Amino acid sequence: MGDKVVLLDVWASPFGMRVRIALAEKGIKYEYKEEDLGKKSPLLLEMNPVHKKIPVLIHNGKPICESLSIVQYIDEVWRDKSPFLPSDPYQIAHARFWADFVDKKIYDSGRKIWLTKGQEQEAAKKDFLECLKLLEGELGDKPYFGGDCFGYVDVAVVPFYSGFYAYETCGNFSMEKECPKLVAWGKRCLQKESVAKSLPDQQKIYDFVLQLKKRLGIE
Amino acid sequence: MAEEVKLFGLWGSPFSRRVEIALKIKGVKYEYIEDDLQNKSALLLKYNPVHKKVPVLLHNGKPIAESLVLLEYIDETWEGNPNLPPDPYERAQARFWAKFIDEKCLPALWKALFGEESEQEKAMEEALQNLKMLEKELKDKRLFGGGGGGGGGGGEESIGLVDIAANFIAYWVGIIQEAVGAEILNRERFPVLYKWIDELLSCSVIRENLPPRDKMLAYFISRVQAAKASK
């Protein structure tokens, strides 16, 4: 039976990267469609009328939206290969909690580091680093958030690794100094083919942020 | 082995009540511990150091936080009357709408009712749009459904994750509107949603796990007065 899988995405989106990694981990063939967020395609508007955002996974014509939902969906449908979520309900809850934490805390404060200055930026930096330190605490001495194996929380967090150079340069700090464990973890994840081919180079993300700042008229 | 289930909650919190509803639907026995928000208890800080909020469930000593995470945990841990359907696509839809309620509906409603005056109009528009989208999702179903037996009627239209997640809309919004003297949700504007509210509140497991209306109203009235006094 042929499964038709389409991903509507934007190359620099950490949320899109989560889905790319998940699909690659499971070895799923799919069609990638790059969206122009300035001119959203009729397909995107039809498939995600509520948020009009990427990523959207279209599986045999049916849309699934929201990156963490999509990752869980992929795990549930293609359950036999490389499961992301553990089988124990407590461990599953634990993983969902931390993925939810990343969604609530990391993206917004990180973006503010890129796009604000002065006090607002300092506050965002403080927030951001506090959250990363909490994540480091959760990682502990494990090779991955998932333990010995790359799992759900790893998929949720690793896209932000491609933003590390942009965060530290715009925010004037050193990721290696502030969060050495996360940096080491990121490098470890990049050794996986699914991650390496899904994450843009840190320099590319930095260039993207510079262009964004220019477009928005931010110094 | 004797199972120990404890729930740290707040009598007036919709998030806390969601968890109670889910536990009751499954028939899980638990000990309820009311948390004092003003002086966050040492226990709460121990079991939810990241967010320092209720609800927190302690299952055989192990803590879990975040109400939506808890709804799925309860579903996966105890059998019978599931709040999520077995089909992955339908589960994804339920998760989508639960998230929509928490990340879009609730903040917009809250701002529209309690926010700064400068923000209220915009928040009101957003809240109305969000509620219309929810109505569209309901279509002609009695409940958002997807659950398997908690509604009393069985079949596809039993209480599901989204119904439980939307408890704030079904009950709290009406009370807050009265306290604040505003009206966003009313029967004329949202006939489909109101039918759902009637249906949901007719389920005993929901009705019996809501804070008393007069107590909740008094709480919000005093909040409104305190906010006025501080201006």
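The values are calculated or read from the model by the stated rules, or taken from the named source; none is laboratory data. Small disclaimer: the values here were computed from a predicted structure and weren't measured. Every residue, glycine among them, receives a Cβ derived from its backbone with ideal geometry; neighbour counts consider all protein chains shown. For accessibility, only protein heavy atoms count, side chains too; no ligands or nucleic acids. Shrake-Rupley method; radii C 1.70, N 1.55, O 1.52, S 1.80 Å.
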Inset, instruction - Classify region B:17-150 as rounded, prolate or oblate from the Cα gyration tensor: take a ≥ b ≥ c as the square roots of its eigenvalues, call it rounded if a/c is under 1.5, otherwise prolate when a/b beats b/c and oblate if not. - result: oblate
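Which pairs break 20 Å Cα to Cα here: A:LYS142/A:LYS181; B:LYS111/B:LYS132; A:LYS105/B:LYS104; A:LYS133/A:LYS192?
Where the Cα-Cα span goes over 20 Å, the pairs concerned are A:LYS133/A:LYS192.
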Inset, instruction - Specify the inter-centroid distance of region A:1-56 and region B:56-127, based on alpha-carbon positions, in whole Å. - result: 24
Legend entry - Mean residue ellipticity (222 nm) of chain B, computed from DSSP H runs ≥ 4 via -39,500 (n - 2.57), nearest 500: -15500 deg cm²/dmol
Legend entry - region B:16-96, relative contact order [Cα under 8 Å, separation at least 6], %: 29
Inset, instruction - Provide, in order from the shortest bin, the percent of all Cα-Cα pairs of region A:23-111 in each 5 Å bin, continuing until the bin that contains the maximum pair distance. - result: 3, 11, 18, 21, 19, 17, 9, 2, 0
Legend entry - Volume of the Cα convex hull of region A:68-166, divided per residue and given in Å³: 104
Inset, instruction - Treat each spin label as a single point 7 Å out from the Cα along the C-beta direction, and report the B:HIS51 to A:GLN119 distance in nm. - result: 3.0
Inset, instruction - Show which aspartates and glutamates lie in cross-link reach of A:LYS112 when reach means a straight Cα distance below 14 angstrom and same-chain residues fewer than eight apart are skipped. - result: A:GLU120, A:GLU122, A:ASP127, A:GLU168, A:GLU219
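Relative contact order of region A:22-122: what whole-number percent is it, with Cα pairs under 8 angstrom and at least 6 residues apart?
Relative contact order of region A:22-122: 17 percent.
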Inset, instruction - Determine Rg/Rh for region A:49-95; Rg is computed over alpha-carbon atoms and Rh is the Kirkwood hydrodynamic estimate from the same atoms. - result: 1.04
Legend entry - Principal axis dimensions, the protein assembly as shown - Cα atoms, whole angstrom, descending: 58, 58, 49
Inset, instruction - Give me the accessible area of B:THR77, 1.4 Å probe, in Å² rounded to the nearest 10. - result: 40
Legend entry - For region B:1-53: lysine pairs under 22 Å (alpha-carbon distance), excluding those fewer than 8 apart on one chain: 10
Legend entry - Volume in Å³ per residue [convex hull over Cα atoms, computed for region B:153-219]: 91
Inset, instruction - Rounded, prolate or oblate: pick one for chain A, where a ≥ b ≥ c are the square roots of the eigenvalues of its C-alpha gyration tensor, a/c under 1.5 means rounded, and failing that, prolate if a/b is larger than b/c, else oblate. - result: oblate
Inset, instruction - Report the charge-dipole magnitude of region A:5-117 in Debye, nearest 20, computed about the Cα centre from +1 at each Lys and Arg Cβ and -1 at each Asp and Glu Cβ. - result: 360
Inset, instruction - Using just the helices of chain A, give the 222 nm mean residue ellipticity in deg cm²/dmol: DSSP H runs with n ≥ 4 each add -39,500 (n - 2.57), and the total is spread over all residues, rounded to 500. - result: -17500 deg cm²/dmol
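What is the interface area between chains B and A, defined as buried accessible area summed over both chains with a 1.4 Å probe, reported in Å² to the nearest 100?
By this definition, chains B and A bury close to 2400 Å².
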Legend entry - When the convex hull of its Cα atoms is projected in every direction, mean area for region B:93-231 (nm²): 8.3
